[in-house]
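Chemist: I'd like to ask some things about the structure below.
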Amino acid sequence: MTQQGEALTILLVEDNDDHAELVIRTFEDHVIANQMLRVCDGREALDYLFRCGNYESPLISPRPNLILLDLRLPKVDGLEVLQTIKQSEDLRSIPVVMLTSSESEKDVVKAYANYANSFLVKPLDFDKFSQLMKDLGYYWLCWNTNPQLR
């Protein structure tokens, strides 16, 4: 459970600069998270989460309260990242929201089969996308009760 006043961290795994900027701005505009960290591919996400390479220091790679994970990523696919997170005893309790352009039923089924906490399709309309990010942030970081992170 996140304590009131505790810094909230979101790890955004998104290779599309425009989508990333929209997510970051929406969260900043609504003061949903204290820290939004972005990585651009699946390999970098795993390095961050497992504190490898450039992310060895916990000061550089604080445990996120929420992971927003794109499905189609360079280097390591989003589903593989999800599967790796959910197989890790240290990481599996972190909520992972698949945030993707894909509306494929096959992708939805695969994501939930790998224990995604949610699957959201990015709306094409700016206002709808912004509202989705606002609602998503409030739900996962303000209204939902999550376990303490180590």
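The values are calculated or read from the model by the stated rules, or taken from the named source; none is laboratory data. Computed from a prediction, not measured in an experiment: that's the story for all the values here. Cβ coordinates were reconstructed from backbone atoms using ideal geometry, including for glycine residues, and neighbour counts include every protein chain displayed.
For (1) of a type in the set (Val, Ile, Thr); (2) in contact with a helix residue (DSSP H, G or I) (Cβ under 6 Å, 6 or more places away or on another chain); (3) within 27 Å of Leu124 (Cα to Cα), each residue gets a yes or a no:
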site: Met36; (1), (2), (3): no, yes, yes
site: Ser57; (1), (2), (3): no, no, no
site: Ser61; (1), (2), (3): no, yes, no
site: Leu68; (1), (2), (3): no, no, yes
site: Leu71; (1), (2), (3): no, yes, yes
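Chemist: So the check is Cβ under 7 Å with 6+ separation or different chains; which pairs have a first residue in region 49-78 that's in contact (Cβ under 8 Å) with a residue 12 or more places away in the chain and crowded, with 23+ Cβ neighbours inside 10 Å and a second one that's outside any loop (DSSP other than H, G, I, E, B) and among the aromatic types (Phe, Trp, Tyr)?
Modeler: Leu66/Trp140
Chemist: Just checking, how many residues over region 48-69 are out of contact with any strand residue (DSSP E or B) (no Cβ under 6 Å at 6 or more places or on another chain) and at negative phi?
Modeler: Keep residues of region 48-69 that are out of contact with any strand residue (DSSP E or B) (no Cβ under 6 Å at 6 or more places or on another chain), which gives 49-61, 63.
Imposing the further condition that a residue be at negative phi reduces the set to 49-50, 52, 54-61, 63.
So the answer is 12.
Chemist: A follow-up question, please. Looking only at region 32-48, how many residues end up being in a loop (DSSP other than H, G, I, E, B) and crowded, with 16+ Cβ neighbours inside 10 Å? Give the derivation first.
Modeler: Of all residues in region 32-48, those in a loop (DSSP other than H, G, I, E, B) come to 32-34, 40-41.
Now narrow it down to the ones that are crowded, with 16+ Cβ neighbours inside 10 Å: 32-33, 40-41.
Number satisfying all stated conditions: 4.
Chemist: Restricting region 82-93 to residues that are within 17 Å of Thr9 (Cβ to Cβ) and at pLDDT 95 or above, which is surrounded by the most Cβ atoms within 10 Å (Cβ to Cβ)?
Modeler: Here the answer is Ile85.
Chemist: Ok, one more. Is one or more of the residues making up region 95-115 crowded, with 18+ Cβ neighbours inside 10 Å, small (Gly, Ala, Ser) and over 16 Å from Arg25 (Cα atoms)?
Modeler: yes
Chemist: Now a separate question. Pick from region 9-31 the residues that are closer than 17 Å to Leu69 by Cβ and part of a loop (DSSP other than H, G, I, E, B): which of them is modelled with the lowest pLDDT?
Modeler: So the residue we want is Asn16.
Chemist: Among the residues of region 101-150, how many are of a type in the set (S, T, N, Q), in contact with a Phe, Trp or Tyr (Cβ under 9 Å, 6 or more places away or on another chain) and modelled with pLDDT of 90 or more?
Modeler: 2
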